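Below is one structure, written out as structure tokens; the observations come after it.
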Amino acid sequence: MKILAIHGSPHTTRSATRRLAGFVLEGAAEAGAETEMIDLCDSRITACTACEGCSFNGICVYEDDLPAIVERIKEADGIVFGSPVYLDNVSGQMKIFFDRLADAIHYQVLAGKYGCTVATTHTSGGDDVVAYQKHVMNYLGIVAVGGLSIATGGNSEALDGAEPAARELGRTLAGAIRQGFTDTKQEVEIAGNREFFKEIVLENRDFRTDEYERWVKLGWIP
Ligand SMILES: Cc1cc2nc3c(=O)[nH]c(=O)nc-3n(C[C@H](O)[C@H](O)[C@H](O)COP(=O)(O)O)c2cc1C
């Protein structure tokens, strides 16, 4: 079982968010998972320019690190998204990454995995950023098993107190992968999204034939 954390803090190893995501991974490792972490700030990811090039063949016009990251997500059974709160939202690094997942979202290439989300903030916005990242997971067809936000008040020691809950979240994620996890609300949302994306898959079936056939095989297109 592989669990991959991806965080969008530019603080790299000094990052509170990275540390929180690291606790989640440690909990998952205790439950038997093989874990890894991607620091988005070490990756070269160009912002989406809405050229729609990817809609023709799934390949972005920008040759950067995003495709390799998508491959690493594909190889993982569980995903952790983490971001610091920047002006009540995810960091720019995280948002650029999310925007570049549009094709993966439309064709649901990462669907069926489990995930969880974390956020750190000085004071406010943590829960909203946890919820937003969960919303993006649902767009991807990934069910989130939980989330955790910590307001540090500028004190990095605040994270120490969050370690048990973060480790527990990691163990829950590993348990969901092993035994399954049901959340009807998220499943209804994911199914609704898939109905919407189905129209894109049908519309583009002449040049995205492999994806169309995958959807038929999965029973997502009758
Ligand atoms: C550009 C920027 C915007 C921020 N916006 C907020 C904010 O809206 N509310 C808040 O409470 N903290 C805000 N913060 C503080 C960070 O969310 C907080 O320090 C976070 O824990 C940093 O995590 P990191 O070390 O993983 O980067 C902001 C920090 C920066 C650099």
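Coordinate-derived values only; no laboratory data. This is a predicted model, so every value here is computed, not measured. No Cβ is skipped: glycine too gets one built from the backbone with ideal geometry, and neighbour counts run over all protein chains shown.
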Between segment 1-71 and segment 125-143, the alpha-carbon center distance in angstrom: 15
In the neighborhood of R44, defined by Cβ-to-Cβ distances under 11 Å, what is the net charge if each Lys or Arg adds +1 and each Asp or Glu adds -1? -4
Quick one: net charge of A144's neighbours, Cβ under 9 Å, K/R +1, D/E -1? 0
13 Å beta-carbon shell around E168, net charge (K/R +1, D/E -1): -1
Set the bar at 22 Å for Cα to Cα. Now go through K113/K185; K134/K185; K113/K134; K2/K95; K74/K185 and name every pair that lies beyond it. K2/K95; K74/K185
In nanometres, what is the gap between the two model label sites at K74 and R178, each 7 Å from Cα along Cα-to-Cβ? 2.8
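Among T184, T152, T12, which comes first, then next, by fewest other beta-carbon atoms within 10 Å?
Fewest-to-most Cβ neighbours within 10 Å comes out as T184, T12, T152.
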In nm, spacing of pseudo-spin labels at A29 and T13 (7 Å Cα→C-beta vector): 1.5
Please compute the contact order of segment 2-181 in relative form: average sequence separation of alpha-carbon pairs under 8 Å and at least six residues apart, divided by the residue count, as a percent. 29
Do the sum for the chain: with -39,500 (n - 2.57) for every DSSP H run of n ≥ 4, divided by all residues, what is the mean residue ellipticity at 222 nm, to the nearest 500 deg cm²/dmol? -15500 deg cm²/dmol
For H106, H11, ascending order of other Cβ atoms within 10 Å (fewest first) is H11, H106
Let me know the charge dipole size of segment 90-166 about its Cα centre in debye, to the nearest 20, where only the beta-carbon of Lys, Arg (+1) and Asp, Glu (-1) is charged. 320
Dipole of segment 59-104, positive end: most advanced residue of F97, V85, I59 [Cβ charges, Cα centre]: V85
Ranked from fewest to most other Cβ atoms within 10 Å of their own Cβ, E163, E213 fall in the order E213, E163
Taking the Cα centre as origin and putting +1 on Lys and Arg beta-carbons and -1 on Asp and Glu beta-carbons, what dipole magnitude results for segment 2-181, to the nearest 20 debye? 220
